[in-house]
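Report on one structure; see the data block that follows.
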Amino acid sequence: LSIITRRDPPLKLSSLKLTGRMTEIRMKKLSFTHDEIVELFKKELDIDLSKKAVHILYDKTEGWIIAIRMASMVIENADDVKRIIDNIEGSIDIITEYLLSEVLSKYPENIRDPMLVASILNRFSAELLDEMYLNDNEISGKELIKFMKSANLFVIDLDVEQKVFRFHHLFQVLLEEQLTKKHNKEDIIRYHLRASYWFEEHGFLEEGIDHALMANDYDCAIEIIKNHRLDLLNSNNYSKLERLQRKIPMSIIESEPELNLTESYLQWCHGNFPRLGELEEKMKELIVGL
């Protein structure tokens, strides 16, 4: 069903907030045509939508694939079509929020909540999902992924072995918005730090730092660099080390002896001797402080 699993190019999450500007992003690649809406409901539900129903559904959702697909997921028979269409009112933000709540309401809590938590991840595996819940959930990460794929919940494979996945970017945004409504800030920070720990443990240092920063935990992000900087230097992996350093504000790098020393080496490699002199002066101040 190519029209159901159509893949669009990756989009930056920061540009996907559901505002009035969303129309500009959706356009052709993210919208169904009238004929595709008819085909979707026929293949998925064996429902022949009337021309009027298709027209109304298209106008209210602007043909947006995610909204249309979610509508098909909450409609169980022909009698449901009118109920769903009548309840689709307001801006695209309100419509998608209503449809997502309808979709999620079909599943038990031990399915819904892990899905929301997984929305903070740009990619996930069964093992990572288990880490997020510390194996306390009734359903394992492997079972959750299997369920989401069987339910066509916008999960996309990222590898041939089908061990790493991501949500469709727009669906991820919708889930993440629901997460912020259901969980308090402290809970979300805790999930980001668990993700940070897992990514670092498995060698994905940049993602580990990203999640630490999303938790506003600069100490954790700095510790990741400190833990691995010598290995990266000894293996001549200067480019990766520099990418890690650039995620940290320079004011913090200059105030941390180990990061300052690492930055000095990177600048030496670039032949940026004036900057090297500045860092040396900063290091002298740190040494006096110590």
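The values are calculated or read from the model by the stated rules, or taken from the named source; none is laboratory data. Being a predicted model, the structure only gives us computed values, none of them experimental. All Cβ positions, even for glycine, are placed from backbone atoms using ideal geometry, and neighbour counts span all protein chains on display. With ligands, DNA and RNA removed, areas are computed over all heavy atoms of the protein, side chains included. Shrake-Rupley method; radii C 1.70, N 1.55, O 1.52, S 1.80 Å.
If you go through the range 194-210 and pick out every residue that is aliphatic (A, V, I, L, M) and within 21 Å of Glu177 (Cβ to Cβ), you end up with 1. Report whether or not Ile189 is surrounded by 18 or more Cβ atoms within 10 Å (Cβ to Cβ), without any contact (Cβ under 8 Å) to a residue 60 or more places away in the chain and β-branched (Val, Ile, Thr). When the stated conditions are applied, Ile189 does not pass them.
Would you point out the residue of the range 113-158, among those that are part of a helix (DSSP H, G or I) and over 19 Å from Trp198 (Cα atoms), that is most open to solvent (accessible area, probe 1.4 Å)?
Selected residue: Lys146.
Note on the range 1-89: enclosed helices (runs of 4 or more DSSP H) holding 3 or more residues that are modelled with pLDDT of 75 or more and under 21 Å from Met148 (Cβ atoms) are 34-45, 65-74. Search the range 234-261 for residues that are under 19 Å from Leu205 (Cα atoms) and open to solvent by 40 Å² or more (accessible area, probe 1.4 Å) and pair each with any residue that is part of a helix (DSSP H, G or I) and of a type in the set (Val, Ile, Thr) when their beta-carbon atoms are under 6 Å apart and the residues are at least 6 apart or on different chains. From residues that are under 19 Å from Leu205 (Cα atoms) and open to solvent by 40 Å² or more (accessible area, probe 1.4 Å), the pairs are Lys247/Ile209. Look at the range 202-215: where a residue is closer than 20 Å to Leu129 by Cβ and a partner is open to solvent by 60 Å² or more (accessible area, probe 1.4 Å) and among the polar types (S, T, N, Q), sitting 6+ places away or on another chain with Cβ atoms under 8 Å, you get Glu207/Asn122. Might you check whether a residue that is touching a residue at least 24 places away in the same chain (Cβ under 8 Å), open to solvent by 40 Å² or more (accessible area, probe 1.4 Å), in a helix (DSSP H, G or I) and more than 19 Å from Gln178 (Cβ to Cβ) occurs anywhere in the range 96-111? Checking the range 96-111: not a single residue is touching a residue at least 24 places away in the same chain (Cβ under 8 Å), open to solvent by 40 Å² or more (accessible area, probe 1.4 Å), in a helix (DSSP H, G or I) and more than 19 Å from Gln178 (Cβ to Cβ). All conditions but one from (1) within 12 Å of the chain's Cα centre (by Cα); (2) open to solvent by 20 Å² or more (accessible area, probe 1.4 Å); (3) farther than 22 Å from Trp64 by Cα apply to Glu161; the one that does not is (1).
Across the range 48-83, the number of residues qualifying as farther than 14 Å from Thr96 by Cα and among the aliphatic types (A, V, I, L, M) comes to 7. Mind listing whichever residues of the range 195-219 are open to solvent by 50 Å² or more (accessible area, probe 1.4 Å) and either of a type outside the set (Phe, Trp, Tyr) or not in a helix (DSSP H, G or I) (or both)? Passing the criteria: Glu201, His202, Phe204, Glu206, Asp210, Met214, Asn216, Asp219.
Using the structure shown, decide if Asn227 is outside any helix (DSSP H, G or I) and either touching a Gly at 6+ places or on another chain (Cβ under 8 Å) or surrounded by fewer than 17 Cβ atoms within 10 Å (Cβ to Cβ) (or both). The answer is no for Asn227.
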